[in-house]
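Structure record follows, encoded as structure tokens.
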Amino acid sequence: MCGIVGILGATPAVPRILESLARLEYRGYDSAGIATVEGGTLDRRRAPGKLSELRAVIDAHPLSGNNGIGHTRWATHGEPTEANAHPHMTGRVAIVHNGIIENFRPLKEELLTKGVTFEGETDTEVVARLLTAYLDEGMPPRAAFQKTLSRLVGAFALCVLIKGEDDLMFGAREGSPLVVGFGDGENYLGSDAMALASLSNKLIYLEEGDWAELTHTSVQVFDADGTPVDRLTTISQVAATMVDKGNHRHFMQKEIFEQPTVVAQALGRYLDPVAGKVRLPEMPFELATVPKVTLVACGTSYYAALVARYWIEKLARVPVEVDIASEFRYREPVYMDGGLAIFISQSGETADTLAALRHAKAAGQRVATIVNVMGSTMAREADVVLPIHAGAEIGVASTKAFTCQLSVLAALAVDLAAAKGQIDAAQEAAFVEELETAPKLMARVLAHDDAIQEIARAIAPARDVLFVGRGIHFPIAMEGALKLKEISYIHAEGYAAGELKHGPIALIDENVPVIGIAPNDELIDKTVSNLQEIMARQGKVILLSDNAESEAEGMFARLEMPSAGELVTPILYAIPVQLLAYYAAVEKGTDVDQPRNLAKSVTVE
Ligand code: F6R
């Protein structure tokens with residue numbers, strides 16, 4: 001993962017790099033560092049921990065120079081210490097890196113036998129030492145950089161400064177994203193448009209294998225063979241203003257409360273309420289001809305895919321296969337001719353999901369992606385892009401992206417059902433009308449904020465929490481457990497309610513809160529009897545339901561939910577489980593927006 005930025009500038013680089021790194025902290029926050037080159041000096045400051053630690057180091061020991069590179073790290077090789085923090089420097093070069101150099105061990109061996117010494121344990125230092133070795137052999141910078149790249153195996157984005165070369169910066173992309181930005185007498189490199197938002201909106205997205213040589217006034221892009229290439233210049237829509245928390249204590253809280261607005265925004269792009277129709281973007285194939293849908297994603301996006309399977313199979317009667325991206329391509333999936341493979345990702349950069357997308361594309365599948373970040377690699381590589389329009393999601397725990405993904409998937413399910421002739425125009429119009437009710441009902445759920453906070457206080461001391469649901473709400477149970485785990489560090493699991501008696505019920509005692517997700521659908525009676533089984537074993541049941549009748553003696557707490565149809569209930573029930581996790585984390589005093597060990601964009605496999 002990690003975020004990188006580089007500036008060949010006309011004014012001091014360090015404050016500008018710090019600002020860019022603040023936008024990139026979502027990619028990792030184990031350590032941060034900056035190096036500058038000027039007047040024959042290459043210098044750096046690094047600090048383990050969050051960017052604030054680096055700021056403190058720089059305040060105490062200022063770093064000058066108009067040209068610099070910066071990095072925020074999510075640790076892969078080596079602990080998050082200062083020694084392992086980027087930039088990595090030798091006497092001649094400074095490098096920041098996002099990704100993994102898979103062959104760093106043999107390269108290191110080779111350099112060690114030549115007498116090269118190493119300071120740390122990272123794969124990145126090997127790149128710095130290799131480049132230095134080629135420069136020491138007398139190669140000019142461009143040739144030395146190109147030769148270095150030719151030796152590297154893995155997924156990486158690199159940004160490089162060379163001592164004595166104040167008007168030169170190299171960048172390379174192989175598997176991890178890198179963007180070139182154009183300024184006035186300045187040029188930039190960054191992990192994404194967000195990194196460069198305060199510097200430039202005129203960008204080139206480097207393609208796989210590309211590398212670039214920048215001066216203050218020129219940019220030359222080369223492909224993997226070293227042939228100069230022209231890449232499309234785009235104008236980024238990413239706003240230069242730093243996304244802020246508004247009146248909220250955390251980005252996650254703000255993003256949870258934004259959901260009625262962003263879901264309305266997302267639905268607005270896909271529904272035509274006047275015609276009573278779903279309007280998807282133009283597709284290069286007829287949906288009606290799709291024999292099978294494959295949905296692939298990671299984490300929260302995977303749970304959105306699981307919900308969509310119920311919708312698509314029930315409404316469109318098309319078989320759906322769902323898989324976790326990191327497993328998908330290794331099990332040799334069986335594709336069907338003309339099959340539609342959909343890759344769901346907030347960031348559009350998740351390495352496993354991207355690799356799965358490429359696998360499906362190479363196998364001749366029709367490839368669509370449901371993403372939040374337009375301009376991301378998945379959005380650029382898919383045949384069809386269905387944006388979720390959630391706006392920038394900063395909290396590491398995904399919230400509004402999930403409900404927007406569900407909204408788009410619901411629209412897709414209805415459209416596919418219509419294309420397949422499984423529903424008629426009146427039924428399509430009824431589904432559109434139902435989906436249109438989602439934002440208003442979501443606002444009603446959010447109004448229960450205080451009650452949810454109270455329940456969260458009660459579950460915060462627990463060591464284990466279970467979430468149970470049936471059918472379309474089983475994935476919501478898993479999503480609730482994931483949210484709680486990742487930000488409150490409470491162990492939690494999501495189970496299909498009917499499955500508890502096959503083993504997990506052994507975990508139940510008076511210390512285990514169980515969140516029961518039980519909307520008033522055809523499965524409610526079964527779910528409630530499973531909750532009774534839990535209460536009979538002293539489990540503390542917290543019921544989320546719109547069925548007043550379902551109240552059973554001895555329940556620990558109950559949250560009254562609004563009633564809705566099957567396309568909307570998973571969207572509604574996502575909210576209380578998000579808020580429970582949020583308030584449990586606040587109660588425990590964890591770092592809600594930047595939980596330990598995590599990063600928002602997971603660009604390593
Ligand atoms: C959980 C969470 C992660 C992501 C997962 C996939 O709150 O945010 O589980 O959902 O890393 O990320 P994207 O959707 O960017 O591919």
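The values are calculated or read from the model by the stated rules, or taken from the named source; none is laboratory data. As the structure is a prediction and not an experimental result, all values here were calculated from the model. So basically every Cβ, Gly included, is an ideal-geometry build from the backbone, and we count neighbours across all protein chains shown. Ligands, DNA and RNA are stripped out before the accessible areas are found, and what is left, the full protein with its side chains, is counted by its heavy atoms. Shrake-Rupley method; radii C 1.70, N 1.55, O 1.52, S 1.80 Å.
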| said: Quick check on my filter: what residues within region 328-338 are within 14 Å of the ligand (Cβ to nearest atom) and open to solvent by 20 Å² or more (accessible area, probe 1.4 Å)? | reply: none
| query | Where in region 231-333 are there strands (runs of 3 or more DSSP E), lying wholly inside it, with at least 2 residues that are at pLDDT 95 or above and within 21 Å of Val385 (Cβ to Cβ)? | reply | 293-297, 320-324
| note | Residues of region 280-325 being away from the ligand (no atom under 16 Å from the Cβ) and of a type in the set (Asp, Glu), in sequence order, are Glu282, Glu286, Glu313, Glu321
| message | Considering only region 366-375, I want to know if a residue exists there that is crowded, with 24+ Cβ neighbours inside 10 Å, at pLDDT below 95 and more than 10 Å from the ligand (Cβ to nearest atom). | response | no
| request: Would you confirm whether any residue within region 550-557 is closer than 21 Å to Ala410 by Cβ and either of a type in the set (Lys, Arg) or surrounded by fewer than 18 Cβ atoms within 10 Å (Cβ to Cβ) (or both)? | output: no
| Somewhere in region 72-85, is a residue closer than 17 Å to Ala197 by Cα and open to solvent by less than 10 Å² (accessible area, probe 1.4 Å)? | yes
| Odd one out for Asn520, checked against (1) within 16 Å of the ligand (Cβ to nearest atom); (2) assigned to a loop (DSSP other than H, G, I, E, B) | (1)
| said: So, in region 29-47, how many residues would count as being out of contact with any strand residue (DSSP E or B) (no Cβ under 9 Å at 6 or more places or on another chain) and part of a strand (DSSP E or B)? | reply: 1
| remark: Conditions (1) part of a helix (DSSP H, G or I); (2) surrounded by 24 or more Cβ atoms within 10 Å (Cβ to Cβ); (3) away from the ligand (no atom under 14 Å from the Cβ) -> Ala341 fails only (1)
| Is region 141-155 home to any residue that is more than 22 Å from Asn67 (Cα to Cα), among the basic types (Lys, Arg) and surrounded by fewer than 23 Cβ atoms within 10 Å (Cβ to Cβ)? | yes
| Members of region 560-582 found to be in contact with a helix residue (DSSP H, G or I) (Cβ under 6 Å, 6 or more places away or on another chain) and polar (S, T, N, Q), listed by number | Gln578
| task | State whether the residues of region 125-144 include one that is modelled with pLDDT under 95 and not in a helix (DSSP H, G or I). | result | no
| From the set of residues in region 414-431 that are in a helix (DSSP H, G or I) and out of contact with any strand residue (DSSP E or B) (no Cβ under 9 Å at 6 or more places or on another chain), which is surrounded by the most Cβ atoms within 10 Å (Cβ to Cβ)? | Ala417
| message | Quick check on this structure: which one of Ile388, Ile394 is within 13 Å of the ligand (Cβ to nearest atom), open to solvent by less than 10 Å² (accessible area, probe 1.4 Å) and either in contact (Cβ under 8 Å) with a residue 60 or more places away in the chain or polar (S, T, N, Q) (or both)? | response | Ile388
